[in-house]
1. Given His215, Tyr114, Gly52, which one lies farthest toward the positive end of the charge dipole of the chain, if we put +1 on the Cβ of every Lys and Arg and -1 on the Cβ of every Asp and Glu?
2. Calculate, for segment 140-192, the solvent-accessible area per residue in square angstrom, rolling a 1.4 angstrom probe over the heavy atoms of the protein chains.
3. Which one, (i) 34, 20, 13; (ii) 59, 17, 13; (iii) 30, 20, 18, gives semi-axes √(5λ) of the Cα gyration tensor in Å as derived from the coordinates shown?
4. Name the aspartates and glutamates eligible as straight-distance cross-link partners of Lys90: C-alpha to C-alpha under 14 Å, and not fewer than 8 places from it in the same chain.
5. Please give the charge dipole size of the chain, origin at the Cα centre, charges +1 on K and R Cβ atoms and -1 on D and E Cβ atoms. Round to the nearest 20 debye.
6. Only four residue types carry charge here, +1 at the Cβ of Lys and Arg and -1 at the Cβ of Asp and Glu. Report the dipole size of segment 118-234 about the Cα centre in Debye, rounded to the nearest 20.
7. Could you state the angle between the C-alpha long axis of helix 38-51 and the longest principal axis of the C-alpha atoms of the chain, as a value from 0 to 90 degrees rounded to the nearest 10?
8. Past 29 Å, Cα to Cα: identify those pairs from Lys139/Lys224; Lys4/Lys139; Lys34/Lys175, in the order given.
Amino acid sequence: MPPKLVSRRIYPQNIASLDKVAGIEPGSVSLHAKGLDAAGYARLARFLGEHGNLVRSLKVQSGYGINGHGELQHIDFAASCPNLRTLDVKRVAFNDSVFAHPALVDLRLRESKYVGGSPIVVDKEQPLRILEFHDCLVKVDTLAIAADSEVRRFRYYLDEDYAEACPDNFDVYGKHLEEITINACWTYTVTTNRASERHNRHRTFRAGQYGNVTHVYYKDNGDKVVQEYGAEAD
């Protein structure tokens, strides 16, 4: 049985309470940090580096404005937080360790900045079931969901107000996918096949008024079908 969940809410005023870790079991902390400034993020990063094994769920809502990001890009979440199952962050800078985590199941990234290599690939080594990007700055050529990945729900949203960077290619081959949603104000190519669409309950590919979508679909026999459309087409 998983350990009993211990909920912690952290604000700038009570951030010293992060030091109270006596008697807490690994993988038992649900941590919600809100409104942190630069010093607060430094303190949170130190806690994750020293005691990240305690954390099961982490939600972070930055105190920065629309153009600011809390600095978590130096945290290796896979190494420092091996028991992490849920990660939900808003307006932070993050690295590729979130896509290489051995236990993370639910990953939601909002108005955040990716600082890592390209391509981003999610495959069978990660147990991710939910993968969502909302108005994030992701400067890579390709974001790929491999055929053997466990992802069930993939969502990528990018409003024109945040359209500074976006993957140019989405290679979506996950055979367990129940939802594929890409609604990005960008010109991009999404590639799927029969296996990745077989179990879809919902599937949408859209671009904003300044973008365009090229959808490449591979049939079971290997034949390729190419469609191009804009904001209103699915």
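The values are calculated or read from the model by the stated rules, or taken from the named source; none is laboratory data. Note that this is a predicted model, so its numbers are computed, not measured. Don't worry about glycine lacking a Cβ; one is built from the backbone with ideal geometry, like all the others, and counts go over all protein chains shown. Only protein heavy atoms, including side chains, enter the accessible area calculation; ligands, DNA and RNA are left aside. Shrake-Rupley method; radii C 1.70, N 1.55, O 1.52, S 1.80 Å.
1. The listed residue farthest towards the positive side: Gly52.
2. Working: 1840 Å² over 53 residues.
Ligands and nucleic acids excluded, the result is 35 Å² per residue.
3. Answer by label: (i).
4. Cα-Cα hits under 14 Å: Asp37, Glu71, Glu111, Glu132, Asp135.
5. Details: 29 positive and 31 negative charges, 199 e Å.
It works out to roughly 960 debye.
6. Numbers: 14 positive and 21 negative charges, 106 e Å.
It comes to approximately 500 debye.
7. So the helix axis and the longest Cα principal axis differ by about 90 degrees.
8. On the way: Lys139/Lys224 27 Å; Lys4/Lys139 39 Å; Lys34/Lys175 36 Å.
From Lys139/Lys224; Lys4/Lys139; Lys34/Lys175, over 29 Å: Lys4/Lys139; Lys34/Lys175.
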